[in-house]
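Structure first, commentary second.
The values are calculated or read from the model by the stated rules, or taken from the named source; none is laboratory data. The shown structure was predicted, so the numbers you read here are calculated from the model rather than taken from an experiment. With ideal geometry, Cβ positions are generated from the backbone for all residues, glycine too; neighbour counts draw on all protein chains shown. Side chains included, ligands, DNA and RNA excluded: accessible areas come from the protein's heavy atoms. Shrake-Rupley method; radii C 1.70, N 1.55, O 1.52, S 1.80 Å.
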Amino acid sequence: MWKNKKIVVVMPAYNAARTLLRTYEEVMAQDIVDLVILVDDASHDETVAIARTLPRTRVVVHDDNRGYGANQKTCYRVALEEDAEIVVMVHPDYQYTPKLIPAMASLIANGLYPCVLGSRILGGCALKGGMPFWKYAANRFLTLAENIFLGAKLSEYHTGYRAFSRELLSGLPLEANSDDFVFDNQMLAQILWQGHTIAEISCPTRYFPDASSINFVRSLRYGWGCLYTAVLYRMAKWGLATSRKFPKKIR
C-alpha cells in the first residue's frame with residue numbers, strides 16, 4: 001500500500017524465464033506492492049512455472065499468442081478486477097528498474113498526475129545505457145512528430161514503463177486499440193485525448209541479450225502505426241475523422 005492505495009504491478013510476459021525472478025525480487029523489495037499480475041502470452045519457456053512459485057502473484061495464461069497489446073488488455077482488466085488503485089506496468093525482462101515504482105506511485109497517490117512514464121530519454125543516458133543508435137534516432141523522430149500532432153511535450157512515447165490511476169484506466173476505450181505493439185502509443189494518445197496530463201521521470205536504460213526487443217521490420221510497422229495514430233488523433237480533433245479510439249466527447 002501507498003497512501004492507503006492498493007498497488008498492483010502488471011507484467012506482460014513472453015519467454016521471460018531468464019529474467020523474471022530477478023525482476024520480481026526487485027519489485028517486491030520496494031515494499032509497497034500488494035500484488036503482481038503476470039499475464040503469459042503462450043511462452044515456450046518456463047515463465048509460467050516460475051511465476052506460479054512466486055508469492056503474492058496471480059498468473060494468467062493465454063492459450064495462444066495474442067500479441068503485446070492483447071496481453072496488456074488482459075493485464076489491466078485483471079488489475080481492475082483485483083481492485084487495484086494504482087497500476088504499474090513493469091516488463092519482466094529487467095530492462096526497466098523496478099526501483100522507480102515508489103516514485104511513480106507517489107505522483108499518482110498524491111493526486112498530482114493520473115499517468116506517469118519512466119522516460120529513457122530524460123537524463124540523456126539512453127545511448128550510454130545501450131540503446132541502439134537507430135532506435136534512438138527513430139524514437140526522437142517519432143516523438144517530435146507525435147508532439148506536433150498530439151499537442152503535447154513528452155520526451156518519448158515509446159517507453160514500456162508506465163503507471164496509471166484506477167480512475168484513468170477505467171475510462172479508456174482500450175479494447176478499441178491494436179493487439180500489437182502500437183497499443184502502447186494508442187493508449188497514450190487516448191489519455192491526451194481525454195485531457196489528462198502525463199508526467200515523466202528519468203529512467204535508466206538497460207539493454208542486454210535477455211532483454212526483449214522487436215526486430216527491424218516490426219519496428220517499421222510500429223513506427224508507421226504511431227504516425228497513423230497521431231494523424232488520426234489530429235483529424236478527429238478537427239472533426240475530419242471518427243474513430244472508436246477517440247470518442248467525440250472531449251473532457
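Quick check: from the Cα gyration tensor, does region 149-193 come out rounded (a/c under 1.5), prolate or oblate?
Numbers: a/c = 1.38, a/b = 1.18, b/c = 1.17.
Rounded is the answer for region 149-193, as its axis ratio a/c remains below 1.5.
Just to confirm a number: summing +1 for Lys and Arg and -1 for Asp and Glu over residues other than Asp83 whose beta-carbon lies under 15 angstrom from that of Asp83, what do you get? It would help to have the intermediate numbers written out before the result.
Working: positive: Lys5, Lys6, Arg56, Arg58, Arg77, Arg166; negative: Asp34, Glu81, Glu82, Glu85, Glu167.
Residues close to Asp83 contribute a combined charge of +1.
If you keep only loop residues by DSSP, which trypsin sites (Lys or Arg not before Pro) in region 76-157 have at most 13 other Cβ atoms within 10 Å of their Cβ?
Lys128, Lys153
Which value, in debye to the nearest 20, describes the size of the charge dipole of the chain about its Cα centre when Lys and Arg Cβ atoms bear +1, Asp and Glu Cβ atoms bear -1, and nothing else is charged? Spell out each step's value before the answer.
Numbers: 29 positive and 24 negative charges, 194 e Å.
Value, rounded to 20: 940 debye.
Over the chain, with the other protein chains present, what is the accessible area per residue in square angstrom, probe 1.4 angstrom?
Roughly 46 Å² per residue, with all protein chains present.
If the cut-off is 28 Å between C-alpha atoms, which lysines fall inside it for Lys248, apart from same-chain ones fewer than 8 positions away?
The qualifying lysines are Lys73, Lys153, Lys237.
Report the full-extension gain for the segment Arg234 to Ala199: residue separation times 0.36 nm, less the Cα-Cα distance, to one decimal in nm.
Here the answer is 10.5 nm.
If I take every Cα pair under 8 Å that is 6 or more residues apart in region 139-251, average their sequence separation and divide by the length, what percent do I get for the relative contact order?
36
Taking each pair of different alpha-carbon atoms in region 101-179 once, compute 1/r for the pair, average those values, and report the inverse of that mean as the Kirkwood hydrodynamic radius in Å to one decimal.
Details: mean 1/r = 0.0698 Å⁻¹.
The Cα-based Kirkwood calculation yields 14.3 Å.
Using helices alone, what [θ] at 222 nm do you get for the chain, with -39,500 (n - 2.57) per DSSP H run of 4 or more residues, divided over all residues and rounded to the nearest 500?
The helix contribution divided over the chain gives -12000 deg cm²/dmol.
If you take Rg/Rh (Cα atoms, Kirkwood Rh) from the coordinates, which of (i) 0.98; (ii) 0.94; (iii) 1.21 do you get?
Given (i) 0.98; (ii) 0.94; (iii) 1.21, the structure-derived one carries the label (ii).
Along each of the three principal axes of the Cα atoms of region 29-69, give the extent in whole Å, ordering the values from largest to smallest.
Answer, in whole Å and largest first: 33, 22, 13 Å.
What three numbers, in Å, describe the spread of the alpha carbons of region 104-251 along their principal axes, ordered from the longest?
43, 38, 25
Measure nothing but the geometry: give the 0 to 90° angle between the long axis through the Cα atoms of 216-237 and the longest principal axis through the Cα atoms of the chain, rounded to 10°.
50
Under a point spin-label approximation (7 Å from Cα along Cα-to-Cβ), what is the Lys99-Lys5 distance to one decimal in nm?
Between Lys99 and Lys5, the label points sit 2.4 nm apart.
Give the shape of region 61-147 as rounded, prolate or oblate, defined through the alpha-carbon gyration tensor: a ≥ b ≥ c are the square roots of its eigenvalues, a/c under 1.5 means rounded, and otherwise the shape is prolate if a/b is larger than b/c and oblate if not.
oblate
Angle, helix 17-28 long axis vs. longest principal axis of the chain, Cα atoms, 0 to 90°, nearest 10?
For helix 17-28, the angle is close to 90 degrees.
Once neighbouring chains are kept in place and the probe is 1.4 Å, which whole percent of the accessible area of region 1-153 is contributed by carbon and sulfur?
Working: 3620 of 6720 Å².
Heavy-atom surface of region 1-153 belonging to carbon and sulfur, 1.4 Å probe: 54 percent.
Output the relative contact order of the chain, whole-number percent, from Cα pairs under 8 angstrom with separation of 6+ residues. It would help to have the intermediate numbers written out before the result.
Numbers: 458 pairs, mean separation 55.8, N = 251.
About 22 percent, as a whole number.
Helix 133-150 versus the longest principal axis of the chain: what is the Cα-based angle in degrees, 0 to 90, to the nearest 10?
Rounded to the nearest ten degrees, it is 50.
Find how much the distance from Ile148 to Asp64 grows on full extension, using 0.36 nm per residue of separation minus their present alpha carbon separation; answer in nm with one decimal.
26.5 nm
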